[in-house]
Each structure stands twice: as structure tokens, then as C-alpha cells.
1. Could you list, in sequence order, the residues of segment 223-253 that are polar (S, T, N, Q) and either within 16 Å of the ligand (Cβ to nearest atom) or not assigned by TED's automatic domain parsing to the domain that holds residue 207 (or both)?
2. Test of understanding: among 9, 30, 14, which residue is surrounded by fewer than 17 Cβ atoms within 10 Å (Cβ to Cβ), within 24 Å of residue 252 (Cα to Cα) and of a type in the set (S, T, N, Q)?
3. For segment 229-238, indicate whether the set of residues that are out of contact with any Asp or Glu (no Cβ under 9 Å at 6 or more places or on another chain) and among the acidic types (Asp, Glu) is non-empty.
4. Any idea which of (1) of a type outside the set (Val, Ile, Thr); (2) more than 26 Å from residue 75 (Cβ to Cβ); (3) at pLDDT 95 or above is the one residue 197 doesn't satisfy?
5. Taking the options 152, 148, 118, name whichever one is closer than 18 Å to residue 179 by Cα and of a type outside the set (Ser, Thr, Tyr).
6. Hey, any hits in segment 108-120 for a residue that's at pLDDT 95 or above, of a type in the set (A, V, I, L, M) and within 15 Å of the chain's Cα centre (by Cα)?
7. Which ones in segment 178-195 are within 16 Å of the ligand (Cβ to nearest atom), at negative phi and either over 19 Å from the mean Cα position of the chain (by Cα) or hydrophobic (A, V, I, L, M, F, W, C) (or both)?
8. Restricting the search to segment 154-185, which residues are closer than 21 Å to residue 81 by Cα, of a type in the set (Gly, Ala, Ser) and either in contact with a Ser or Thr (Cβ under 9 Å, 6 or more places away or on another chain) or assigned to a helix (DSSP H, G or I) (or both)?
Amino acid sequence: MQRYAVFGSPIAHSQSPRIHAAFARQTGVSMDYVAVEAGHGDFAAKLAASGVQGANVTLPLKEDAFALCAETSSRAQRSGAVNTLLRAGSGWHGDNTDGVGLVRDLTERHGLDLRQRRVLLLGAGGAARGVAPALLDAGIGELYVVNRTPARADALADAMGEPGRVHARGWDALPALGGFDLLVNATSASRGGTLPALPMGLAAPRSAAVDLSYGEAAVSFLAWARAAGCSHAVDGLGMLVEQAAESFLLWHGVRPETEAVYAALSGQGDALVTAD
Ligand SMILES: NC(=O)c1ccc[n+]([C@@H]2O[C@H](COP(=O)([O-])OP(=O)(O)OC[C@H]3O[C@@H](n4cnc5c(N)ncnc54)[C@H](OP(=O)(O)O)[C@@H]3O)[C@@H](O)[C@H]2O)c1
């Protein structure tokens with residue numbers, strides 16, 4: 001049986017094994033997918049010892065994964081981050097499905113039209129780097145990248161290579177930025193810190209907001225978004241399922257249906273049956 005895994009830290013509560021087991025069951029693919037706790041110091045050794053055909057990589061290893069790949073897709077190169085590894089001879093091919101996962105969730109599941117939209121991206125870490133190129137490819141009008149550490153926002157904006165469309169700002173610039181059609185929280189502030197207060201004026205009456213984290217971690221930003229008048233306030237569960245489907249397609253050549261898995265994980269559908 002082919003082996004796959006997700007590497008990261010902390011990884012115990014990752015939903016990826018359940019998602020991939022459900023996809024495998026649905027498509028008749030025979031595979032094993034496990035979660036492996038790994039940090040900067042031991043990721044490369046654990047990956048080499050794992051015997052996997054492919055892997056997902058999550059916090060804090062996406063840049064590490066990019067660095068160890070012999071070859072990378074153009075979307076991974078633009079992100080400087082890899083969330084999907086495929087075996088390529090004796091080395092690894094790296095790809096990044098986070099951005100396409102977010103865009104698919106917003107456009108297909110939530111029916112949003114991203115074209116010409118004015119977009120605020122809060123954060124400039126691995127997730128922000130993953131989604132920025134895909135948002136630009138989806139035809140948004142302007143992207144404002146705002147980060148606590150301004151130099152990282154500058155670096156992300158520079159890496160996009162579109163100075164007319166992508167602008168970096170510090171957190172203190174937020175009150176002067178006006179309203180946005182789409183607000184994306186790509187910070188990890190909910191993991192032990194708090195997001196600085198956001199001006200209500202960032203949201204316009206028909207704005208949409210998405211927090212890339214999900215569950216409890218997304219509650220505070222999404223509550224702010226609703227209070228600020230956003231018509232859509234969604235968490236990152238849909239993105240998680242869609243990026244997983246895209247990884248599954250890369251590994252197995254078949255794209256699984258995502259709706260039932262999304263419904264089960266969000267508590268709206270039947271429970272996931274993943275055991276054989
Ligand atoms: N739904 C999905 O499929 C999916 C996929 C990937 C990631 N995610 C989620 O996205 C989030 C970010 O992940 P990541 O990989 O980008 O993490 P990361 O690389 O560690 O980056 C964290 C980002 O959050 C900012 N930040 C952290 N604490 C903050 C605070 N108290 N106030 C303001 N900014 C703060 C950091 O700013 P500095 O640069 O100043 O440190 C940085 O921009 C996580 O919650 C992760 O679970 C979801």
C-alpha cells in the first residue's frame with residue numbers, strides 16, 4: 001500500500017488524515033496517510049525515513065519543504081513555500097495547493113466573484129505567501145498586504161512582482177486604507193496572541209471576510225467581520241478541504257468530491273466514515 005503523511009508541529013489535531021482517508025474511500029484509492037510531528041530540526045530526517053510517496057507539509061515547515069525540493073512548480077516558486085511533496089526520482093517535487101484551495105472555496109462553494117476586487121491580506125507568513133499568487137491569478141484588482149512585521153509584508157509584495165497591483169503596509173496604516181471587498185486573515189494571531197483591533201471602516205456593506213484558520217481559532221475575526229457588516233464571514237475549513245483535494249489529485253490523478261467531506265467536518269453532514 002502506498003504511504004502518505006502530513007508533517008508539521010503541532011500536528012496531533014490535524015484533520016488531514018481524516019480528509020485523505022475519506023477521499024481514498026470515495027475514489028477507491030488504496031493508501032495509508034498518517035500525521036508526523038516534525039519541526040525545523042528533524043523534518044528532513046523524518047521525511048527521508050518515512051518511506052512516503054508524497055506528503056503534505058504544514059506549519060512551520062512550508063519554507064523548509066521548499067528548500068529541500070529538487071524541483072518546484074511555478075506557484076510554489078511564487079509563494080516560496082511548499083505544502084505538497086511528490087516523489088521525483090530520488091528527490092522531491094514541491095507544489096503549493098493552498099492558494100488554489102482558497103480560491104476554489106471562495107468562488108465555487110461561497111459563490112464569490114473575485115474579479116477586480118480590492119483585497120486586504122492580513123499576515124505575510126507561509127499561508128499568506130501561498131494564497132497571494134492565487135488571488136492575483138483569480139483576477140483581483142488590488143492586494144494590500146498588511147503585517148505586524150512590515151519587512152515581511154514588503155518581501156511578500158516584492159515577490160509578487162506586480163508593484164501596480166500589490167502594496168505592502170504596516171499595521172498602523174490600516175485606518176487610512178478605506179474599505180475592502182475581501183478581507184483575508186492569514187495571521188496565526190489566535191494561536192496564543194490576539195489580533196490588534198481592526199478599524200470597522202475596512203469592511204464595506206457587501207464585503208466578504210475569510211479567516212484561514214478554522215473552528216475556535218476563527219471565531220474572533222469572523223465575529224469582528226460580522227459586526228463590521230460583512231455579508232460573508234467564512235473560516236478556513238473549506239480551504240483546508242479544497243487544498244487537500246488538489247494534493248490528492250496531484251498524487252493519484254483523480255479529483256475527489258469535496259462537498260460531503262466539508263459538510264461532515266463542519267458538522268452539517270454525515271460523520272466521516274474513514275475506516276475500511
Ligand atoms: N485553511 C487552511 O487550509 C490553512 C492553510 C495554511 C494555513 N492556515 C492557517 O493560517 C494561519 C497562518 O499560518 P502560517 O503558516 O502563515 O503561519 P506563519 O508562517 O507562522 O505566519 C504567521 C503570521 O501571523 C502573524 N501574526 C502572528 N501573531 C500575530 C499577532 N498577535 N498579531 C498580528 N499578526 C500576528 C505573523 O506576523 P509576523 O510576521 O509579524 O510574525 C505572520 O504574518 C494559521 O492559523 C494556519 O492554521 C490554514
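1. Pass one, segment 223-253, residues polar (S, T, N, Q): 231, 243, 247.
Across segment 223-253, the qualifying residues are 243, 247.
2. Details: 9 fails: within 24 Å of residue 252 (Cα to Cα); 14 fails: surrounded by fewer than 17 Cβ atoms within 10 Å (Cβ to Cβ).
Selected residue: 30, the only one of 9, 30, 14 that is surrounded by fewer than 17 Cβ atoms within 10 Å (Cβ to Cβ), within 24 Å of residue 252 (Cα to Cα) and of a type in the set (S, T, N, Q).
3. Pass one, segment 229-238, residues out of contact with any Asp or Glu (no Cβ under 9 Å at 6 or more places or on another chain): 229-232.
Then keep just the ones that are among the acidic types (Asp, Glu); that gives none.
No.
4. Result: residue 197 passes all but (3).
5. On the way: 152 fails: closer than 18 Å to residue 179 by Cα; 148 fails: closer than 18 Å to residue 179 by Cα.
After applying the criteria, what remains is 118.
6. Let us first name the residues in segment 108-120 that are at pLDDT 95 or above, namely 108-120.
Next, only the ones that are of a type in the set (A, V, I, L, M) stay: 112, 114, 119-120.
If we keep only those that are within 15 Å of the chain's Cα centre (by Cα) as well, we get none.
No: zero hits.
7. From segment 178-195, those within 16 Å of the ligand (Cβ to nearest atom) are 182-195; that's our starting set.
Now drop any that are not at negative phi, which leaves 182-191, 193-195.
Result: 182, 183, 184, 186, 189, 193, 194, 195.
8. Answer for segment 154-185, where residues must be closer than 21 Å to residue 81 by Cα, of a type in the set (Gly, Ala, Ser) and either in contact with a Ser or Thr (Cβ under 9 Å, 6 or more places away or on another chain) or assigned to a helix (DSSP H, G or I) (or both): 155, 157, 159.
The values are calculated or read from the model by the stated rules, or taken from the named source; none is laboratory data. Since the structure is predicted, the reported quantities are computational estimates derived from the model, not experimental observations. Cβ sites come from the backbone with ideal geometry, for glycine too, and all protein chains shown count toward neighbours.
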